[in-house]
1. Carbon and sulfur together cover what percent of the accessible area of the chain at a 1.4 Å probe radius?
2. Taking Cα pairs under 8 Å and at least six residues apart, what relative contact order does the chain come out at, in percent?
3. Please report how far the C-alpha centroid of region 43-63 lies from that of region 119-169, rounded to the nearest whole angstrom.
4. If a/c stays under 1.5 just call it rounded; otherwise compare a/b with b/c (prolate if a/b is bigger, oblate if not). Do that for region 133-183, with a ≥ b ≥ c from the square roots of the Cα gyration tensor eigenvalues.
5. Please list 162-171, 138-147, 113-122 highest first by mean number of surrounding beta-carbon atoms within 10 Å per residue.
6. Can you tell me which of ALA111, ALA125, ALA19 moves the most in a GNM of the chain? Springs connect C-alpha atoms under 10 Å apart.
7. Counting residues in the chain as N, plug N into 2.2 N^0.38 Å and put the Cα Rg over that result.
8. From the residues VAL46, ALA119, THR11, which one has its Cα farthest along the dipole of the chain in the positive direction, the dipole being from +1 and -1 charges on Cβ of Lys/Arg and Asp/Glu about the Cα centre?
Amino acid sequence: MTHQNTIYEATVPVALYVAAILNQPDITAGDFDLGTAVPSRRPTLVRLLAWLSDTAYDADDECVAIGERHYGERFLHEYEELRAFRDLRPAIFSAVQPLLGHESADAREAALVAAIPLAEHPLLAEHRGELVDHARRLLASSTDRQNRDRVLDALKAWGHDTSDLENAADVAARERHARLRAERASWGGDWTGGYSEDPPF
């Protein structure tokens, strides 16, 4: 369905199916009551949201910009599968949005992280204010490094000052990332990301 940041022909129907079942009672309630019985297993809803989130980030504006730098301005025009997924972001968002108020903190957090890249779609710009409120709540309680980074990056991209929302770990992670980028830049070459060969691999 997806592999190494590549959107395939199968990705879109699977994403639509996942979106369609997100709010089914068996999924929304599902295995949240497992408690500590299976501590290494994330609830099905959280895993489905994480897959949607990862896929949405593989199709976000930054990935398109990287593709255009490496393959030219026609990258998105010629990448039909990626374009199809991006066109469906409003439909997928409409399935994710109700879960921003889920009773489980893990599900709420996963829904927010999935909603953020989907909200890049121009038709969803009006929903970003709602996501900012959820983002502030996540940053007040979450310790998940990747989720915090994604939320902070979104807030900055949307023009918000995040200095009062960052903790010491956020600052350390940002400084470490800046050092790594500086080191890579000093090596020469293009370290902005992208593919080592044309997709699909």
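1. On the way: 5720 of 11370 Å².
Its accessible area is 50 percent carbon and sulfur atoms.
2. On the way: 171 pairs, mean separation 40.1, N = 201.
Normalised by residue count, the contact order of the chain is 20 percent.
3. What the calculation gives is 16 Å, centre to centre.
4. Details: a/c = 2.10, a/b = 1.54, b/c = 1.37.
Cα axes put region 133-183 in the prolate bin.
5. Going by the mean number of other Cβ atoms within 10 Å, highest first, we get 113-122, 138-147, 162-171.
6. Looking only at ALA111, ALA125, ALA19, the biggest GNM fluctuation is shown by ALA125.
7. 1.07
8. VAL46
The values are calculated or read from the model by the stated rules, or taken from the named source; none is laboratory data. Note that the structure is predicted; figures quoted are calculated from it, not measured. Don't worry about glycine lacking a Cβ; one is built from the backbone with ideal geometry, like all the others, and counts go over all protein chains shown. These accessible areas exclude ligands, DNA and RNA; they are computed on the full protein's heavy atoms, side chains included. Shrake-Rupley method; radii C 1.70, N 1.55, O 1.52, S 1.80 Å.
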